[in-house]
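What follows is a short report on a single structure.
The values are calculated or read from the model by the stated rules, or taken from the named source; none is laboratory data. Nothing here was measured: the structure is a model prediction, and the numbers come from that model. Positions of Cβ are backbone-derived with ideal geometry, glycine not excepted, and every protein chain shown enters the neighbour counts. In case anyone asks, the SASA skips ligands and DNA or RNA and just uses the protein heavy atoms, side chains included. Shrake-Rupley method; radii C 1.70, N 1.55, O 1.52, S 1.80 Å.
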Amino acid sequence: DDARYFPLDMNALLGDNNIDAALSALKGAAERGSHLELDIEETIRMGVKRRGLFIPQLKTEADDHFNIMLFIDNGGFSMDPYVYTVRTLFQKMKTRFSHDLRIYYFHNIINGVVYEDQSRVKDAVTVESLLKEGRHNSIFIVGDASMAPQELHGAWTGKSGFEYLCNMAAAFPRLAWLN
């Protein structure tokens, strides 16, 4: 009889109703992180007031950047049934929360280029350009992790898929691969 209780069926398929219910539960979650930053003006003001005793003054600086890059493996038959649901989940997140969401598509492994269109024939974006965008991005890679060894360790574009994943992990501390 608790109003906060929502009956969760672990065997139910992820769909519109339970996506909405889950996001409603997260409505109060904080979107932004904060970090301490040196407040130069306050440090100088207080230092003058203390007649030359300058003690660093810190302020909490809100991180206004909360961007999500979603990478979806949409190649092959094993992922096809899940592409729509995953894309729907993240688009609903964008609607409920005010962060930026960009969706990219790849096949089996991220290897040099990802695509903004689901068919993966146009709107190519290089991974190298994404790596330069900054650490404020949260990265979600959704795939079945099913690939041939040469796709992971081969280096047709100068680097292997494994190297690209390592570079992404180093550039984006908030990265998760969801199978």
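A few points about this structure:
- Summing charges over all other residues whose Cβ lies under 12 Å from the Cβ of L131, with Lys and Arg as +1 and Asp and Glu as -1, gives 0.
- Across K49/K132; K94/K159; K59/K132; K59/K92; K59/K159, pairs whose alpha-carbon gap is larger than 31 Å: K49/K132; K94/K159; K59/K92; K59/K159
- Electrostatic bookkeeping for A145 treats Lys and Arg as +1 and Asp and Glu as -1; over the other residues with beta carbon under 12 Å from its beta carbon, the sum is -3.
- Cα shape, the stretch 116-179, gyration tensor, a/c 1.5 rule: rounded
- Coordinate range along principal axes, alpha carbons of the stretch 86-147, Å, largest first: 32, 25, 23
- For the stretch 132-179, the carbon plus sulfur part of the accessible surface works out to 59%, probe radius 1.4 Å.
- For D100 and V121, the FRET efficiency from 1/(1 + (r/R0)^6), where r spans their Cβ atoms and R0 equals 22 Å, is about 0.35.
- Rounded to 0.05, the FRET efficiency of the E133 and L178 pair, given R0 = 35 Å and the Cβ-Cβ distance, is 0.95.
- Cα gyration tensor, the stretch 39-179 - rounded (a/c under 1.5), prolate or oblate: prolate
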